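In what follows, a structure is listed as structure tokens, so that the remarks can point back to it.
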Amino acid sequence: MSNIHLINTRKSNSGEIDSILRNLMSTQGVTAAAIVDSDGFVTHIQRDSEINTDAIGASVQVVFGAAARSAQHVGHHSTNMVICENTEGYILSTPIEAGFILAVVTQRDALLGRVRFELKETIPVLKKLFNNFLSN
Amino acid sequence: MHWFESQLAELNQLAEDYLQSQQLPGANIVNASETIRNKRKQFMEAVQNLVDKVGKIKGISACAAYHDGLILAQSQNMPAIDAFGATVQDSVRAAQQGAAMLGLGDIEQIVIVGATNKVAMLNVGPLVLCISSPKQINLAAALSQAV
């Protein structure tokens, strides 16, 4: 009985993570939302067009790692968010737990404050879900 | 209570409900996560609705909402959104320092009146609502009527 409960818990955690990503996708201008693990592999993704998930995963980890090292060099301690402003949009990445990163890709017309607010408010819940997920 | 005050009260209540949802005991994090997400969605939709409505009021030039100085919701006719954001950040910081020295309590609103236009900034939950209009407009009167 307890084994069945364990599997259900993992499933519902994963389902809720997908729901969170879908919710992020409903924010104006957001075109993709993904969870990237510490090796740069995409574990969960929601997107409205075809994008190279391997490239996204690897580049998000590289960029976040570089930003985190830069922050440490100037004494800023831990990095809470990295925002890449590009010609055609933004890429925002935020650490969750155990090296996992939440990454969001937007178009240029996205309201940066709105996307950033959603990310900041989403992270505490994602941290709890991941702690729950990883401990089961 | 006039129209805008009732809208603000409603918005503050939704912000409070959202904050409360974050403090619910998290025995079932999956259910709690969904509740928090839905409460935040309600709050954000209400913010966008109010911004849209205020932006359409006769005499109001534009309306927008900011979080940490970054644009979060805007009416259709919003010019210079980044300049507004910077002004919001600077004004709130200066006002908070002044309020602490003078014992004013938490900042509720700030109004900057220029020679031609003016801007009102109102704290709503974690956000700042920004309303701009020509200097001669009586904001209280303009915002008193339902849209």
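With a cut-off of 15 Å, note down the residues of segment A:20-48 whose backbone N falls inside the zone around a label point 7 Å from the Cα of B:Asn49 toward its beta carbon.
It comes to no residues whatsoever.
Quick one, what does Rg over Rh come out to for segment B:3-143 if you take C-alpha atoms and the Kirkwood Rh?
Numbers: Rg = 16.3 Å, Rh = 16.1 Å.
Taking Rg over the Kirkwood Rh, I get 1.01.
Starting from one equal scatterer on each C-alpha and no solvent at all, send me the Debye-based log10 I(q)/I(0) for segment A:49-110 at q = 0.18, 0.26 Å⁻¹, two decimals.
These q points yield log10 I(q)/I(0) values of -0.67, -1.18.
Any chance you could get the radius of gyration and Dmax over the Cα atoms of segment B:84-147, in Å?
In Å, with Rg to one decimal and Dmax whole: 12.7, 39.
How many nm is it between the label spots at B:Gln76 and A:Asp109, if each spot is 7 Å from the Cα in line with the beta carbon?
1.3
Could you work out how far apart the two model spin labels at A:Asp37 and B:Ala146 are, taking each label as a point 7 Å from the Cα in the direction of the beta carbon, and quote it in nm?
Between A:Asp37 and B:Ala146, the simple spin-label model gives 5.5 nm.
Find how many whole Å separate the alpha carbon centroid of segment B:46-93 from the alpha carbon centroid of segment A:97-128.
22
At most 14 other Cβ atoms within 10 Å and a DSSP loop assignment: could you name the trypsin sites (Lys or Arg not before Pro) in segment A:39-124 that fit? Could you put the intermediate results ahead of the total?
Working: sites: A:Arg47, A:Arg69, A:Arg108, A:Arg114, A:Arg116, A:Lys120; in loops: A:Arg108.
Filter output for segment A:39-124: A:Arg108.
Relative to a virtual label point 7 Å from the Cα of B:Ala100 in the Cα→beta-carbon direction, which members of segment B:35-70 show backbone nitrogen distances below 20 Å?
Only B:68-69 pass the distance filter.
If the label point is 7 Å along Cα→Cβ of B:Asn138, which residues in segment B:58-89 have backbone nitrogen under 17 Å from it?
B:58-60
Starting from the eigenvalues of the Cα gyration tensor, five times each then square-rooted, give me the equivalent ellipsoid semi-axes of the protein assembly as shown, largest first, whole Å. Could the numbers behind the result be given before it?
Working: eigenvalues 274, 96, 67 Å².
Equivalent ellipsoid of the protein assembly as shown: 37, 22, 18 Å, largest first.
Among the listed pairs A:Lys127/B:Lys41; A:Lys127/B:Lys53; A:Lys128/B:Lys39; A:Lys120/B:Lys135; B:Lys56/B:Lys118, which have their C-alpha atoms separated by more than 28 angstrom in this model?
On the way: A:Lys127/B:Lys41 20 Å; A:Lys127/B:Lys53 36 Å; A:Lys128/B:Lys39 18 Å; A:Lys120/B:Lys135 36 Å; B:Lys56/B:Lys118 17 Å.
Exceeds cut-off: A:Lys127/B:Lys53; A:Lys120/B:Lys135.
Figure the gain on full extension for A:Thr87 and A:Ser14 (residue separation times 0.36 nm, minus the Cα-Cα span) and round it to one decimal in nm. Don't skip to the answer; put the middle values down first.
Numbers: separation 73, 0.36 × 73 = 26.28 nm, distance 3.34 nm.
Between A:Thr87 and A:Ser14, full extension yields an extra 22.9 nm.
Over segment B:1-64, what lengths in whole Å, largest first, do the semi-axes of the equivalent ellipsoid take, defined as the square roots of 5 times the eigenvalues of the alpha-carbon gyration tensor?
Numbers: eigenvalues 184, 28, 8 Å².
So the three semi-axes of segment B:1-64 are 30, 12, 6 Å.
Take B:Thr116 and A:Arg47, extend 7 Å from each Cα along the Cα→Cβ direction, and tell me the distance between the two endpoints in nm.
If labels sit at B:Thr116 and A:Arg47, their model points lie 4.7 nm apart.
Indicate the helices, whole DSSP H runs only, in chain B that combine a mean Kyte-Doolittle hydropathy of 0.0 or more with a Cα extent along their long axis of 30 angstrom or more. Let's see the in-between values first.
On the way: long enough: B:29-55 (38 Å, -0.47); B:81-102 (31 Å, 0.36).
In chain B, the long hydrophobic H runs are B:81-102.
State the volume of the convex hull built on the alpha-carbon positions of segment A:28-132, expressed per residue in Å³ and rounded to an integer.
Details: hull volume 11.0 nm³, N = 105.
Convex hull volume per residue, Cα atoms: 105 Å³.
If you take the beta carbon distance between B:Gln13 and A:Ala58 as r and set R0 to 45 Å, what does 1/(1 + (r/R0)^6) give as a FRET efficiency, to the nearest 0.05? Let's see the in-between values first.
Numbers: r = 45 Å, r/R0 = 1.00.
The value I calculate is 0.50.
Bear in mind that the values in this text are calculations on the coordinates, not laboratory data. From a predicted model like this one, the values you see are computed outputs, not experimental measurements. Counting neighbours? That spans all protein chains shown, and the Cβs are built from the backbone with ideal geometry, glycine included.
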